[in-house]
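Q: Dropping the structure in here first, questions after.
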Amino acid sequence: MKARVFSGIQPTGSPHIGNYLGALKNWARMQYDYESIYCIVDLHAITLYQDPQQLRRQIQELAGMLLAIGIDPAHSSLVVQSAIPAHAELAWMLTCVTPVGWLERMTQYKAKSAAQETIGDGILQYPVLMAADILLYDAKVVPVGDDQSQHVELTRDIAQRFNSLYGETFVMPETRLPAVGARIMGLDEPEKKMSKSAPGSGHAVGLLDSPEAIRKKILRATTDSHPTVDFDRLGPGVANLLTIFQAFTEWSDAQMRGHFSGMRYGDLKKQVADAVIAALEPIQQRYRQVMDETGYLARVLEEGAQRIAPIARTTVEKVKRAMGLYTPE
Ligand code: TYM
């Protein structure tokens, strides 16, 4: 039997090349070797206020984008989190075995709560829901970008604690990072992770950006005061551009050095822009096809949910029995 993979993405903002290179590209690649479940995590999205109409639209658009980047419904189950009530159910049971101190230590919690006047409880509980997502399906491997590694570690801690309290129940999941591109930085601020929510149009390259917009953003990317690429002294902006190029083209380190050493930043940027535009073009084309096909998305999401709901139900029953909760015969 194939090992199971689970991963998720929030339907907030528009997906960018950081999401693609950090996670989605691996999702598409791994689906042939694993039994794969990919989830649009709308319950996570509402930990921060979302306009309801916009959220509904973004769930559809993200589903279309996941098909466009190569998720194949014949090999993967593509689902929306809130369609399967077991996610929220298991999250509550895991909440009850999770010390608050573990949650307060999470880097993303600290960053998100610092930016809010009042902090919703959902922001603190966020990683417990994520643990429920993963543990519900006995996922062995979780392909994510670097910023989610801490949450997968926490999932292991929660699983271990549950197992030691109630007996062996959960499989220990492992993080899978891409070899290159686990942490793509903002083009305008290469010290900060590229993010869907960061303001500023020069920050992120969206997967649906036009070639002109992509070129403009990359040509304006922040570099440093050296004129040319020096692999022994790479500033964060230039390192980020090289990473983007390498992650899209899959060139080796030797190829990268041979080609870019001593190149002027202006030329580097032009070549990065060309590589990104070329890689996104077929994705954008498939996106338009998928979105034009009436009823297709709904069918894929429905089939995905039907396929995996029984697995989720079985886990919840197992956990209820382990904890002594009421389970009618
Ligand atoms: P989200 O929606 O923020 O991001 C989706 C995926 O994209 C990766 N990513 C990046 N990778 C490289 N560079 C970047 N700048 C960058 N920005 C984002 C993320 O690491 C992620 O893999 N909590 C998760 C969603 C989630 C989940 C799960 C993931 C919910 N349940 C269970 C795995 C398993 C999140 O907010 O991802």
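The values are calculated or read from the model by the stated rules, or taken from the named source; none is laboratory data. Nothing here was measured: the structure is a model prediction, and the numbers come from that model. When we count neighbours, we look across all protein chains shown, and the Cβ atoms used for this are built from the backbone with ideal geometry, even at glycine. Just the protein is used for accessible areas: all its heavy atoms, side chains included, with ligands, DNA and RNA removed. Shrake-Rupley method; radii C 1.70, N 1.55, O 1.52, S 1.80 Å.
Every residue, every condition in (1) open to solvent by 20 Å² or more (accessible area, probe 1.4 Å); (2) over 30 Å from A74 (Cα atoms); (3) of a type in the set (A, V, I, L, M, F, W, C), yes or no:
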residue	(1), (2), (3)
L241	no, yes, yes
F248	yes, no, yes
E281	yes, no, no
R299	yes, no, no
I311	yes, no, yes
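Q: Kindly indicate whether any position in region 113-126 is within 10 Å of the ligand (Cβ to nearest atom) and within 26 Å of A179 (Cα to Cα).
A: No, region 113-126 has no match at all.
Q: Quick check on region 101-111. Is at least one of its residues part of a helix (DSSP H, G or I), small (G, A, S) and free of Cβ contacts under 8 Å to residues at least 60 places away in the same chain? Steps first, please.
A: Step one: list which residues in region 101-111 are part of a helix (DSSP H, G or I), which gives 101-104, 107-111.
Still in the list and also small (G, A, S): 101, 111.
Those left that are additionally free of Cβ contacts under 8 Å to residues at least 60 places away in the same chain: 101, 111.
Yes, the conditions are met somewhere in region 101-111.
Q: Still on this model: Does region 254-269 contain any residue that is in contact (Cβ under 8 Å) with a residue 40 or more places away in the chain and within 22 Å of the chain's Cα centre (by Cα)?
A: No: region 254-269 contains no residue that is in contact (Cβ under 8 Å) with a residue 40 or more places away in the chain and within 22 Å of the chain's Cα centre (by Cα).
Q: While we're here: If I go through region 101-136 residue by residue, how many of them are in contact with a helix residue (DSSP H, G or I) (Cβ under 9 Å, 6 or more places away or on another chain) and either of a type in the set (S, T, N, Q) or outside the structural domain of A159 (by TED's automatic domain parsing) (or both)?
A: Looking only at that region, the number is 5.
Q: A further question on this structure: Pick from Q54, Q81, Q58: which is polar (S, T, N, Q), surrounded by fewer than 17 Cβ atoms within 10 Å (Cβ to Cβ) and not assigned by TED's automatic domain parsing to the domain that holds Q284? Don't jump to the end; show me each part of the working.
A: Values: Q81 fails: surrounded by fewer than 17 Cβ atoms within 10 Å (Cβ to Cβ); Q58 fails: surrounded by fewer than 17 Cβ atoms within 10 Å (Cβ to Cβ).
Checking each option against the conditions leaves just Q54.
Q: Taking the options T47, T98, name whichever one is in contact with a helix residue (DSSP H, G or I) (Cβ under 7 Å, 6 or more places away or on another chain), farther than 26 Å from R321 by Cα and assigned by TED's automatic domain parsing to the domain that holds G8.
A: After ruling out the rest, the residue left standing is T47.
Q: Exactly one of these conditions fails for Q150: (1) at negative phi; (2) touching a residue at least 24 places away in the same chain (Cβ under 8 Å); (3) away from the ligand (no atom under 11 Å from the Cβ); (4) not charged (D, E, K, R). Give me its number.
A: For Q150, the exception is condition (3).
Q: Check whether at least one residue in region 40-56 is touching a Lys or Arg at 6+ places or on another chain (Cβ under 6 Å), free of Cβ contacts under 8 Å to residues at least 60 places away in the same chain and farther than 22 Å from Q289 by Cα, and report yes or no. Can you show your working first?
A: Narrowing region 40-56 to residues touching a Lys or Arg at 6+ places or on another chain (Cβ under 6 Å): none.
Taking every residue of region 40-56 in turn, none turns out to be touching a Lys or Arg at 6+ places or on another chain (Cβ under 6 Å), free of Cβ contacts under 8 Å to residues at least 60 places away in the same chain and farther than 22 Å from Q289 by Cα.
Each row is one residue, and each column tells you yes or no for (1) part of a helix (DSSP H, G or I); (2) of a type outside the set (V, I, T); (3) under 23 Å from the mean Cα position of the chain (by Cα).
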| site | (1), (2), (3) |
| --- | --- |
| M291 | yes, yes, yes |
| T294 | no, no, no |
| G304 | yes, yes, yes |
| A309 | yes, yes, yes |
| A312 | yes, yes, yes |
| K318 | yes, yes, no |
| A322 | yes, yes, no |
| L325 | no, yes, no |
| P328 | no, yes, no |
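Q: Kindly list the number of the only condition in (1) under 14 Å from V144 (Cβ atoms); (2) more than 11 Å from the chain's Cα centre (by Cα) that fails for I46.
A: Failing condition for I46: (1).
Q: For region 168-201, what are the residues that are away from the ligand (no atom under 15 Å from the Cβ) and open to solvent by less than 30 Å² (accessible area, probe 1.4 Å)?
A: Listed by number, the list holds a single entry, T169.
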